[in-house]
Amino acid sequence: MPHGTLDRETLEAVGVLARAVERERVPGVLECRLLANALKRTLDSGRERELTEASRVFRTLDADLRDRIVARARVEAQQARAQAKAKTADHDVVTQEIPSLPRRAVEPKARAGSTFLAALNGLRPAATAGSRGAARDRLRAAVDSQRRVGQRTEPTLE
């Protein structure tokens, strides 16, 4: 296998992930479309470079959406394994439909690239106002921590 080329099993896993992204896609969220396109390019080319780009885009998604995609992909992978096993055993497979996970309303204009950027811009990064306050508190704590580190490392003139 040439350097930078993905093996068959990895491409199958990318295909499962691509189907999960399509099923959990949130309309109006650009990152969902970018991820779906990056995964499609990975499947088309079979190159590691495109998979790295898809990974980068996946990390920009909201944590809740990433969790839903991962959960969907796991179920899809289990179903694919069950179907493959059934084909070899000549049994009928009963496919269990996955109930849709509740989607939260997303306002495309208020969507930031990441929760960190959302916190910086004062946007609401998650579904509840409580998480906004928690994100703001974490951001303040991180800034205060960096200020304390910066104060300790400054040279003093004596």
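So the values come out like this:
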read-out	value
Cβ charges +1 (Lys, Arg) and -1 (Asp, Glu), total dipole of region 8-89, debye	240 debye
Anisotropy class of region 8-89 from Cα gyration tensor, a/c 1.5 cut	oblate
Where labels lie 7 Å past Cα in the beta-carbon direction, separation of Asp137 and Gln83 in nm	4.6 nm
Contact order relative to length of region 8-89, as percent, for alpha carbon pairs under 8 angstrom and 6 or more apart	35 percent
J(HN,Hα) series, region 66-79, from Karplus relation 6.51 cos²θ - 1.76 cosθ + 1.60, nearest Hz, glycine and proline x	4, 4, 5, 5, 4, 4, 5, 5, 4, 5, 4, 5, 4, 5
Highest average packing first - 135-147, 55-67, Cβ atoms within 10 Å	55-67, 135-147
Contour excess over end-to-end distance, with Cα ends at Arg23 and Ala63 and 0.36 nm allotted per residue	12.7 nm
Accessible area (Å², per residue) of region 8-89, counting only protein heavy atoms and a probe of 1.4 Å	58 Å²
Cα shape, region 42-90, gyration tensor, a/c 1.5 rule	oblate
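The values are calculated or read from the model by the stated rules, or taken from the named source; none is laboratory data. For clarity, every value in this text was computed on a predicted model and none was experimentally measured. We place every Cβ from the backbone using ideal geometry, glycine too, and count neighbours over all the protein chains shown. Accessible surface areas use protein heavy atoms only, side chains included; no ligands, DNA or RNA. Shrake-Rupley method; radii C 1.70, N 1.55, O 1.52, S 1.80 Å.
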